[in-house]
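Read the structure below first, then the notes.
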Amino acid sequence: MKDPDSEAQLPLPCIAPESGAQIIQLPAQDRDLAKEKTYSATAGGAQAKAVTKRSRSNSLWYALYLPQLRELDSAQQKKYLTQLAELMQSVSSTVSFHPQALICEIRSSLKYFSGIDAIHQKLQKLFEEQLQQWAMADDFSYAASPTVSGSLLLARSGHNALVYQKENLRSALGQLPIDVLDLNKEQRRRLLNMGINYLRDIWRLPSDGLRKRFGSNFVNQLNQALGKAAEPTQNYIPPPEFIASYDLPYELENLDRLLPIADELLAQLCDFLRRRDLSTSSLVLSLFHEKRDRTEINIGLRMASRSQEHLTLLLETHFDKLSIPAPVVSIKIEVKKFDAFFAKNDSFLRDDELVSTPYSNHNLIQFMEQLQARLGDNYVKSVINTAQHCPEHASLHLDYKEKPNRKIGAALSTETPANPRPLWLLQKPKQLNINKGRLFYRKPIAILSGPERIETHWWSGADVCRDYYVARELSGSKLWIYKEKNDAGKWYLHGIFA
């Protein structure tokens, strides 16, 4: 594509046709700078400095357009574009998404890659390999210009071209057909009825009339392509990833001597999380051995954290009960799950009655995590109430990290029983002795309150019909006993109060 009014837009020769996509070679940075220097020598010192400064300050956006993605649904398109954006990050840190297209800023990368030719060849190879893996056509079009929309329109038209300066965009885009615009059927019909086939025909029309007939989005799209309006972009942000390792200079068998090294790796992790305003609820510390399988320590947190002190304390607790099969030669920490960080705020009012106690909910969760690290995952349980009258089924014991599923959640009860209930129920009720008309457990029992009639499970054939009483043993223990309605004269101990 040649601009007859300026030599700043360079002609683009084609490369060998045997490659998968038809490629037009883009000019290298050195040739562009040489032309700028030639222009500077003829135009004068002050004007040359202004041109050089302007060309350096402007961005250069490189667009890749893949029409074959149009056949996919929106979810699949987003998935494929995300994977391609990861590849494009090898040449630019600023990658934005567009329908069937990706655009990145490359002017800041020209010097590093020694020109735009190397950038294009690198992306061409990566994209063709990925498209072939998906069993899709490996052809695509591309373009580069100082604006995002301008590059996108040039790439949609199949003009694999470079427009290096913004003042040449109008003439370059004017030669494109109106099909490159994002038009609906009505807008396209109106333009064709007006005899408008190319963008240069639109430049001749008054903007007020265009806005009135076609809407503000249509006019804004044209202004953004020419660099007259700001362009919001949806940049690709890669998911966070943290892996840190350290190779020991010699083998270690004493885990206590590993703690300073692990603490340093945790310090790197916490700094990584703070910089990104994140926290973690799951990480794995791996200990590598010579000619043995590695030892993994899974650290799971009920409440996501980025406290180095807390993570180090959990790791020390795991080390206390850990036995390793061989000396350690290397150590690695990997984060399995990242979470958003929620700060813990202190009370603004510092009255005595408002000062939080050291046994807050946050401290309780940290204590439970330490207890779980010391005892094991299956030894710390949580107790939840269910909407059942039968005491044997009125509560559930779940693992501390386990959350109730939908079936269990529907049976949960938030109501507090009106009558007292013991936390400790015997797995099997124990029959009490009767001596001279008095109940005995280990010592004589005196009834304090009751009875409370509980009848349930009549539909199962093993129905429950009991009268419960709260009793006190002579030693001071508070008991929960019952008498079977259909088994006169027999008493049972079912629970013990704290």
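Annotations for the structure displayed:
- Within the range 147-196, the set of residues being in a helix (DSSP H, G or I) and among the small types (Gly, Ala, Ser) comprises Ser149, Gly150, Ser151, Ala155, Ser171, Ala172, Gly174.
- Search result, residues across the range 87-146 that are at positive phi and assigned to a helix (DSSP H, G or I): none
- Only one of the listed residues (Arg306, Arg274) is in contact (Cβ under 8 Å) with a residue 12 or more places away in the chain and surrounded by fewer than 17 Cβ atoms within 10 Å (Cβ to Cβ). That residue is Arg274.
- Filtered by the rule that a residue be in contact (Cβ under 8 Å) with a residue 60 or more places away in the chain and within 13 Å of Trp480 (Cβ to Cβ), the range 417-450 gives Pro420, Arg421, Pro422, Leu423, Trp424, Leu425, Leu426, Pro429, Lys430, Leu432.
- Scanning the range 215-233 for residues that are in a helix (DSSP H, G or I), touching a Leu at 6+ places or on another chain (Cβ under 8 Å) and either of a type in the set (A, V, I, L, M) or over 15 Å from Leu173 (Cβ atoms) (or both) returns Val219, Leu222, Ala225.
- Ser74 being surrounded by fewer than 15 Cβ atoms within 10 Å (Cβ to Cβ), among the small types (Gly, Ala, Ser) and touching a Cys at 6+ places or on another chain (Cβ under 9 Å): no
- Checking the range 303-321 against the condition returns a match, with at least one residue being within 30 Å of Glu86 (Cβ to Cβ), assigned to a helix (DSSP H, G or I) and either in contact with a strand residue (DSSP E or B) (Cβ under 8 Å, 6 or more places away or on another chain) or in the same structural domain as Lys79 (by TED's automatic domain parsing) (or both).
The values are calculated or read from the model by the stated rules, or taken from the named source; none is laboratory data. Just so it is clear, the model here is predicted, and its values are computed rather than measured. Cβ atoms come from the backbone with ideal geometry, glycine included; neighbour counts cover every protein chain shown.
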